[in-house]
Amino acid sequence: MIRRFMAYGILFISLCCFSVVLAGDTKDKVQPPNQDQDQQEEQAVDKGEASLKMLHSIIELKKNLNQRIKEKKQILKKSSSDTEKGLLTAELAKLDKQLNDSALDFERIATGIDVGLFAEKKAEEFNWKDELVGLIKPGIQEIKRLTVRARYKTKLKDELSYYQNLLPIAKQATQNIVLLISQTADKNLKRNLKKLLPEWKGIEKQILNKVEIASMRLTEIENEETSIIESSQTSIKNFFRTRGLFLFIAVISCLGVILFMRLLSKAIVRFVPGYNSKYRPFHVRVLSLLARVFAVIMVFFVLVFVFYVVEDWVLLSLTIIFIMGIGWAAKHTLPQFWHQSRLMLNIGSVREGERMIYHGVPWLVRNINLFSELENPFLEVKLRLPIEELLGKISRPFHKQEPWFPCRRNDWVILADGTRGIVTSLSHEMVELVQRGGARKIYQTSDFLAQTPLNISINFRLKIPFGISYNLQKDSTGSVLATLESYVKEQIEKEGYKKSLLNLGVEFQQAASSSLDIVVLADFKGDMAPLYQRLSRAIQRWCVDACTLNNWEIPFPQLFIHK
């Protein structure tokens, strides 16, 4: 046993070391896929020409914005109205923002990168909530990254559609101003309209510039897109080179941990006294439960360890999210886990080796585990139930002579509705009876039990009443009873039923209104159960034959009229 334990330990350690080394080698060997150089050069030339065109357009826009800002500042100096100053200040702020955006667009197009990545970061104070978010942030970012291109493309389309709808409106506004300038003869009005015209031309130019920038970005994205098959093949190859391999290593490591912990727990528990008992004692159950809990903890630890060694922060953060989700779910299901743990320790409301009612049928609790085992000896049925089904149930000790069901297979029963037959199939779900002649009748088990079945397969008694005339009143409690009993016993022996006869008696029952009633009591063994009705009819026949032979009058209901 000790040698086997040491061998399993060496195997597990070797597996973990091999997984870590393989993960490290894989991490170092992963190289990004190469792309076609000629295609890259062509795309670079087209992109450069479009960028130069956009840069010239942005320079013109910046000149226009600077001119408008200069004009607004001059008007602000000359203005004497507070309301007008407020409006001019708001317009200047808006123009400054547009100028700043234009500068950012110029720098972004010229460099071809997001310049916000190089912005100076402010010093941050330690916050445990932020640190926790930082752990799971890579996983969330990876999920977002899978759809970032589609979401960015949709955003550009919406932006392009928005500015394309604004462009005709801005052109119409400029045309309206030009038309009014040409139509009016008032110099003062014409002067004010001419001051307004450059502003709206600048707005039109700015909107046109936004349309061109959005169109250029959308075109770049569409040029970079490949076919679905090519992208799928590339994604699958990259997955199996990196994260797919890491996941495979993690799964193998977890399986190794589970196997090792299972063998370790079995090896340790075998040395504990009471392990081979029919029903495991409390300390063995505690060790088994602790081993399972420790195995789960080790599985999570190995997952985190493998992803940490290969430096895959995305899988590591997703694992942390998964563990946090399990912890959050366990918070709400902790009472249920507590009750299940009590059941597994055999200190709950249901215990091994006791009797429990399930679906209206008594069951013997054979074993309590994650999947518990129940058995009914009479039904010859075993159930495998999840431990959750035992919550809320109660078991009790039982006596050895307590029946587990009213009958067994191949027993003859008589039900309250008068049905008599042999039980050919029975379970906790339904019972099938076959009547004399072959007719089959099926009951649900609950309905069958409600019929209070009478089992006649062990022993049974026939109670046959019979009446004689009041003319025999003198001998009705003496010689008549002895004569009738002797005759019936003789006929039972003659027809071959004596071996199954347990007891035979003839007794006086009562003095009825028209007859003196006698009752024949015959006890038979269970092997005569199929002939239950035949024996009842035969005893009636033998009573009639005895009356005929001894000249006893069989009365019938009489009506006396007194005058």
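The values are calculated or read from the model by the stated rules, or taken from the named source; none is laboratory data. Please read these numbers as outputs of a predicted model, since none were measured by experiment. Cβ sites come from the backbone with ideal geometry, for glycine too, and all protein chains shown count toward neighbours. Areas reflect the complete protein model, heavy atoms only, side chains present, ligands, DNA and RNA absent. Shrake-Rupley method; radii C 1.70, N 1.55, O 1.52, S 1.80 Å.
Points to keep in mind about this one:
- Selected residue [aliphatic (A, V, I, L, M) and free of Cβ contacts under 8 Å to residues at least 60 places away in the same chain] from Ile414, Ile357, Ile347, Ile321: Ile357
- Selection status of Lys129, at pLDDT below 80, assigned to a helix (DSSP H, G or I) and either surrounded by 15 or more Cβ atoms within 10 Å (Cβ to Cβ) or not hydroxyl-bearing (Ser, Thr, Tyr) (or both): yes
- Residue check for Leu197: without any contact (Cβ under 8 Å) to a residue 24 or more places away in the chain, touching a helix residue (DSSP H, G or I) at 6+ places or on another chain (Cβ under 7 Å) and closer than 23 Å to Ile59 by Cβ: yes
- Selection status of Lys400, out of contact with any Ser or Thr (no Cβ under 6 Å at 6 or more places or on another chain) and without any contact (Cβ under 8 Å) to a residue 12 or more places away in the chain: yes
- From the options Val286, Val272, residue that is open to solvent by less than 60 Å² (accessible area, probe 1.4 Å), assigned to a helix (DSSP H, G or I) and at pLDDT below 80: Val286
- Residue count for the range 72-102, restricted to those that are farther than 16 Å from Gly202 by Cα and touching a residue at least 12 places away in the same chain (Cβ under 8 Å): 5
- Enumeration of residues in the range 303-339 that are within 18 Å of the chain's Cα centre (by Cα) and of a type outside the set (A, V, I, L, M): Phe322, Gly325, Gly327, Trp328, Lys331, His332, Thr333, Gln336, Phe337
- Selected residue (only one of Ile422, Ile456 is farther than 16 Å from Trp552 by Cβ, over 39 Å from the mean Cα position of the chain (by Cα) and open to solvent by 30 Å² or more (accessible area, probe 1.4 Å)): Ile422
- Residues that are touching a Ser or Thr at 6+ places or on another chain (Cβ under 8 Å), surrounded by fewer than 15 Cβ atoms within 10 Å (Cβ to Cβ) and assigned to a loop (DSSP other than H, G, I, E, B) within the range 360-391 comprise just one, Gly360.
- Residues that are open to solvent by 80 Å² or more (accessible area, probe 1.4 Å), over 30 Å from Gln340 (Cβ atoms) and part of a loop (DSSP other than H, G, I, E, B), drawn from the range 425-449: Arg436, Gly437
- Among the residues of the range 458-468, some residue qualifies, meaning at least one is closer than 30 Å to Leu379 by Cβ and assigned to a loop (DSSP other than H, G, I, E, B).
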